[in-house]
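Here the structure is laid out as structure tokens; the discussion comes afterwards.
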């Protein structure tokens, strides 16, 4: 590190003549300040992305939460955005609605309430945002459209906000419209009216969580809409805005961004956009999709979170590079700080931002990420060059008297794999208002007057381990108070939640029940069947058993399955070995979820409202199945797929129950 225009290193005398030929950059508040900083955050949901997190045992669950939310420890996130569950597939799974039906309200379903409470417990000032991806079918009145009856949709969304406060003491700060789908002018105005009518004037609206257009043009043209919308939120802007958005005078946010594998290239992507979203686009908040990769790796966009925590059975988690890149900004700023107008690009590539607060603190963040080491999954990144360079910052105005800055440093080393992340270096002396620094490529620096940053740590978590080869669940509700889903099941269409049979004193008092009976207003193409997956995607030979109970008379059907090879938004096309029984007394074995590729079929004698035990065994190219211990078919010849998850589900959106689930992996 070089200090001042004298071009020497303070921990050893060594001249760098090139520093004196470097480029000078002024940081000055005398010409005014830029926009107010609103924070860095992340999104839980948008596809059941935090699904496995709640299943972690202590102390590992709390450690993960500390790395995400605890101030001055890890990522120190300032914003948490969550999905308002809508009973539909939204990328990697479904999240339950607080109102499956019009006369049904339950504000304890799912894990987002729990997660918001935990985030707020660690950071009472964290900003909370809710956004729907999908809606229960009754909201659309049978149509795949939430705006046919906008008053119903507005009341539904507002009920979620009221429930957050009434049942969890959570104040929601912002609410969105419909993730990455059409917005409706009338609905936005009605949502604002409904919020105000229910005493929620302080809850502001973000629109439209999609592209800059057409929302920007519509807001400009419609004064009432302009008054209703507080934030223009855009997804994956590529660090750029449009002139019309700036002319609105609205706050501009990258309300969903990143969505990239959380290796070092992903960390580089995050470092570049956190700076350049403001430098290029004047966006004052950036929100990562997603918060934590806490879903099965082989679902879509595996490991796209800021960190990885997808093994609750082992307790293993990984604090990935984006956590420490986030800390470069969040540990040394707060929402309400203000950007200086003197921010921008370095002459030889990279960028710098500077922020200050009302007490005169100063934080400077620089990044010199090269193109190939900072590619995000979207949008495409045009070519550009970054080279090592020497820069001199001149602190002027309020900052001219600063004599010393704390230094935090990250260096992505893609050649020798000696990457360092969020390393606290010796303070740098500011001499006569100036300091110089030699910036290599693929580096991030924070220079700050804030002295209490910390690279928090815990003892190493347990080692990674595969899903247990022997696994059982009797769906006892009492042991799982924080959420409604059974541990490790990942619903892909429909919602499977704990159920207590108050009228049944027999062996099936506590069960898992599929509860969605009407196709939701979907975000992607949900399957016509409901399905929840579990286990190890690499499994191929195994035995699965489960007690099942069909509630739909004459038309119902239930399955257990193995080698299920797809999930997420492509769940309709998933293949596997599916063993179905129906209330009309028949069974079949299919090679796909749709039931079109039939391997075997016949009579089973099954009917509704009777408990049955299904057993499915697959080994090599052969499969067999038992009903209540009696073989229905055996030695069916199979070819594809060769491996995949285990699953349970129903033949349509119908009520059905499951109990005494068990897996034995044979190889």
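The values are calculated or read from the model by the stated rules, or taken from the named source; none is laboratory data. Keep in mind the model is a prediction, meaning the values are calculated, not measured. Quick reminder, even Gly has a Cβ in these numbers, built from the backbone with ideal geometry, and neighbours come from all protein chains shown.
Would you check which residues across region 581-603 are under 24 Å from residue 508 (Cα atoms) and surrounded by fewer than 20 Cβ atoms within 10 Å (Cβ to Cβ) and list them?
584, 585, 586, listed by residue number.
Going by what's in this entry, would residue 29 be described as surrounded by fewer than 24 Cβ atoms within 10 Å (Cβ to Cβ), modelled with pLDDT of 95 or more and assigned to a loop (DSSP other than H, G, I, E, B)?
For residue 29, the condition - surrounded by fewer than 24 Cβ atoms within 10 Å (Cβ to Cβ), modelled with pLDDT of 95 or more and assigned to a loop (DSSP other than H, G, I, E, B) - is met.
Given the criterion at pLDDT below 95 and either in the same structural domain as residue 91 (by TED's automatic domain parsing) or surrounded by 21 or more Cβ atoms within 10 Å (Cβ to Cβ) (or both), identify the matching residue among 142, 163.
From the options 142, 163, the qualifying one is 142.
Quick check, is residue 157 assigned to a loop (DSSP other than H, G, I, E, B), in contact (Cβ under 8 Å) with a residue 40 or more places away in the chain and surrounded by 21 or more Cβ atoms within 10 Å (Cβ to Cβ)? Outline the logic, then answer.
On the way: assigned to a loop (DSSP other than H, G, I, E, B): no; in contact (Cβ under 8 Å) with a residue 40 or more places away in the chain: yes; surrounded by 21 or more Cβ atoms within 10 Å (Cβ to Cβ): yes.
Answer is no for this residue.
Do we have residue 474 as touching a residue at least 60 places away in the same chain (Cβ under 8 Å) and under 30 Å from residue 181 (Cα atoms) here?
On the way: touching a residue at least 60 places away in the same chain (Cβ under 8 Å): yes; under 30 Å from residue 181 (Cα atoms): no.
For residue 474, the condition - touching a residue at least 60 places away in the same chain (Cβ under 8 Å) and under 30 Å from residue 181 (Cα atoms) - is not met.
Would you confirm whether any residue within region 444-451 is in contact with a strand residue (DSSP E or B) (Cβ under 7 Å, 6 or more places away or on another chain), part of a loop (DSSP other than H, G, I, E, B) and over 24 Å from residue 339 (Cα atoms)? Explain how you work it out, then say what you get.
Going through region 444-451, the residues in contact with a strand residue (DSSP E or B) (Cβ under 7 Å, 6 or more places away or on another chain) turn out to be 444-451.
From the residues that got through so far, the ones that are part of a loop (DSSP other than H, G, I, E, B) too are 449-451.
Next, from what is left, pick out any that are over 24 Å from residue 339 (Cα atoms): none.
Checking region 444-451: not a single residue is in contact with a strand residue (DSSP E or B) (Cβ under 7 Å, 6 or more places away or on another chain), part of a loop (DSSP other than H, G, I, E, B) and over 24 Å from residue 339 (Cα atoms).
Take region 172-211 and flag every residue that is over 12 Å from residue 228 (Cβ atoms), surrounded by fewer than 20 Cβ atoms within 10 Å (Cβ to Cβ) and touching a strand residue (DSSP E or B) at 6+ places or on another chain (Cβ under 6 Å).
Across region 172-211, the qualifying residues are 173, 180.
So, in region 78-99, how many residues would count as being part of a loop (DSSP other than H, G, I, E, B) and either in contact with a helix residue (DSSP H, G or I) (Cβ under 8 Å, 6 or more places away or on another chain) or surrounded by fewer than 23 Cβ atoms within 10 Å (Cβ to Cβ) (or both)?
Residues of region 78-99 that are part of a loop (DSSP other than H, G, I, E, B), as a first pass: 78, 85-88, 90-93, 95-99.
Then keep just the ones that are either in contact with a helix residue (DSSP H, G or I) (Cβ under 8 Å, 6 or more places away or on another chain) or surrounded by fewer than 23 Cβ atoms within 10 Å (Cβ to Cβ) (or both); that gives 78, 85, 91-93, 95, 98-99.
Residues meeting the conditions: 8.
So which of 46, 22, 34 ends up being within 37 Å of the chain's Cα centre (by Cα) and either surrounded by 23 or more Cβ atoms within 10 Å (Cβ to Cβ) or modelled with pLDDT under 95 (or both)?
Result: 46 is the single residue among 46, 22, 34 that is within 37 Å of the chain's Cα centre (by Cα) and either surrounded by 23 or more Cβ atoms within 10 Å (Cβ to Cβ) or modelled with pLDDT under 95 (or both).
Going by what's in this entry, would residue 217 be described as in contact (Cβ under 8 Å) with a residue 12 or more places away in the chain, touching a strand residue (DSSP E or B) at 6+ places or on another chain (Cβ under 6 Å) and closer than 24 Å to residue 132 by Cα?
Taking the combined requirement at face value, the residue does not satisfy it.
For region 610-623, give me the residue count where each residue is at pLDDT below 95 and closer than 23 Å to residue 550 by Cβ.
1
Within region 382-403, count every residue that is buried (at least 16 other Cβ atoms within 10 Å of the Cβ) and over 18 Å from residue 357 (Cβ atoms).
Counting residues in region 382-403 that are buried (at least 16 other Cβ atoms within 10 Å of the Cβ) and over 18 Å from residue 357 (Cβ atoms) gives 7.
Out of all the residues in region 459-473, which are crowded, with 16+ Cβ neighbours inside 10 Å and assigned to a loop (DSSP other than H, G, I, E, B)?
So in region 459-473, the residues crowded, with 16+ Cβ neighbours inside 10 Å come out as 461, 467, 471, 473.
Correct list: 461, 467.
Hey, any hits in region 221-230 for a residue that's touching a strand residue (DSSP E or B) at 6+ places or on another chain (Cβ under 8 Å) and crowded, with 24+ Cβ neighbours inside 10 Å? Before the answer, list the steps.
First, the residues of region 221-230 that are touching a strand residue (DSSP E or B) at 6+ places or on another chain (Cβ under 8 Å): 228-230.
Subsequent filtering for residues that are crowded, with 24+ Cβ neighbours inside 10 Å retains 229.
Yes, region 221-230 contains a residue that is touching a strand residue (DSSP E or B) at 6+ places or on another chain (Cβ under 8 Å) and crowded, with 24+ Cβ neighbours inside 10 Å.
Residue 438 versus (1) in contact with a helix residue (DSSP H, G or I) (Cβ under 7 Å, 6 or more places away or on another chain); (2) outside any loop (DSSP other than H, G, I, E, B); (3) buried (at least 19 other Cβ atoms within 10 Å of the Cβ): which is the lone unmet condition?
Failed condition: (3).
Consider residue 240 carefully, then state whether it is part of a loop (DSSP other than H, G, I, E, B) and buried (at least 23 other Cβ atoms within 10 Å of the Cβ).
Values: part of a loop (DSSP other than H, G, I, E, B): yes; buried (at least 23 other Cβ atoms within 10 Å of the Cβ): no.
The answer is no for residue 240.
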